[in-house]
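Below is one structure; the comments refer to it alone.
The values are calculated or read from the model by the stated rules, or taken from the named source; none is laboratory data. For clarity, every value in this text was computed on a predicted model and none was experimentally measured. Glycine gets a Cβ as well: all are built from the backbone with ideal geometry, and neighbour counts include every protein chain shown. Accessible surface areas use protein heavy atoms only, side chains included; no ligands, DNA or RNA. Shrake-Rupley method; radii C 1.70, N 1.55, O 1.52, S 1.80 Å.
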Amino acid sequence: MSPRIAFLASAVESAQQARVALAARYGDHDPEEADVICPLGGDGFMLQTLHRHGSKGKPVFGMKLGTVGFLMNHHREDDLIQRLALAEPAHLRPLEMIALTESGTTTGSLAYNDVSMLRQTRQAAHIGIDLNGQQRVEELICDGVLVSTPAGSTAYNYSAHGPILPLGSNTIALTPLAPYRPRRWRGAILKAETEVRFRVLDPYKRPVSVTADSHETRDVVEVTIRESRERQVTLLFDPEHNLEERILSEQFMV
């Protein structure tokens, strides 16, 4: 029996047109009733899909119809049922972020790529870093700092000279952004279960925001990040285009 597929498309015209053609050929179902969710777009739309539908526990097979498609498969209308049958799974756990703001409010969000803290003004941020309740960096003077999952380690983390993490390595990357002090510190690779806490040391003079994927919270004073134990999503990839191989290949690109 063919799987029930939910086709979702970004606002890009080519993605909308592809959705119409695929739905006519394979049928289209509500995400609640589908066996597989198929987002059509770029990585940004894939992240939106995971945030919106990740709790449903449905496997996700994305097809690239956007500018960046690291988390997507190639777009082809033919043989989709066979591709789904042969697809290889990649299991991802997001980061859980809890932020405390100057006003005393608390916000929470998930991040499948990364959680990044950034200065809000022209002045450098001053941030303390604790790991599992123990102070590790007394004062990081920087533009910001981020924590990345393996799936997100090839994105913003890599552009900030952070390490690329193998999929399934049970690690996360802690990477400073334009650090000034400590001058020689370039970050760390941590066990996935590590609890990371950032403390903004001068939040009124040097305000800092935090972004979990695309969800931003401004004027934060403390941010706690840990890998989720409850939430897991499964992405499906064509065997010749699987995520583990692409992450490995990124380490040898020149």
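Taking region 95-227, how much of its Cα-Cα pair set, in percent, is spaced more than 26 angstrom apart?
More than 26 Å apart: 11 percent of the Cα pairs in region 95-227.
Grab the Cα-Cα distance for Lys56 and Arg181, subtract it from 0.36 nm times how many residues apart they are, and report the gain in nm with one decimal.
Separation in residues times 0.36 nm, less the Cα-Cα distance, equals 40.7 nm.
Can you pull the Rg over Rh of the chain, Cα-only, Kirkwood? It would help to have the intermediate numbers written out before the result.
Numbers: Rg = 19.4 Å, Rh = 19.2 Å.
We get a ratio of 1.02 for the chain.
Report in % the part of the accessible area of region 89-139 that belongs to carbon and sulfur, leaving out ligands and nucleic acids; probe 1.4 Å. The partial results should precede the final answer.
Numbers: 1050 of 2440 Å².
That fraction is 43 percent.
Points 7 angstrom from Cα along the Cβ direction at Ser14 and Asn132: gap in nanometres?
So the label points at Ser14 and Asn132 sit 4.7 nm apart.
Hey, what did the chain get for relative contact order, percent, Cα under 8 Å, at least 6 apart?
Numbers: 597 pairs, mean separation 54.1, N = 254.
About 21 percent, as a whole number.
For Ser2 and Glu216, compute 0.36 nm times the residue count separating them, minus their Cα-Cα distance, and round to one decimal in nm. Working shown, then result.
Details: separation 214, 0.36 × 214 = 77.04 nm, distance 3.97 nm.
Between Ser2 and Glu216, full extension yields an extra 73.1 nm.
Which value, in Å² rounded to 10, gives the accessible area of Ile247 with a 1.4 Å probe and all protein chains present?
Rounded to the nearest 10, the figure is 0 Å².
What is the dipole size for the chain, taken about its Cα centre, with +1 at each Lys and Arg Cβ and -1 at each Asp and Glu Cβ, in debye to the nearest 20?
Roughly 780 debye, rounded to the nearest 20.
In units of 2.2 N^0.38 Å, what is the alpha-carbon radius of gyration of region 31-127?
Compactness ratio reported: 1.40.
How much accessible area per residue does the chain have, counting only protein heavy atoms and a probe of 1.4 Å, in square angstrom?
49 Å²
With every protein chain in place, what's the accessible area of Leu167 (1.4 Å probe, Å², nearest 10)?
Answer for Leu167: close to 40 Å² accessible.
Rounded to the nearest 500 deg cm²/dmol, what is the calculated helix-only ellipticity per residue at 222 nm for the chain, with -39500 (n - 2.57) per DSSP H run of length n ≥ 4?
-5000 deg cm²/dmol
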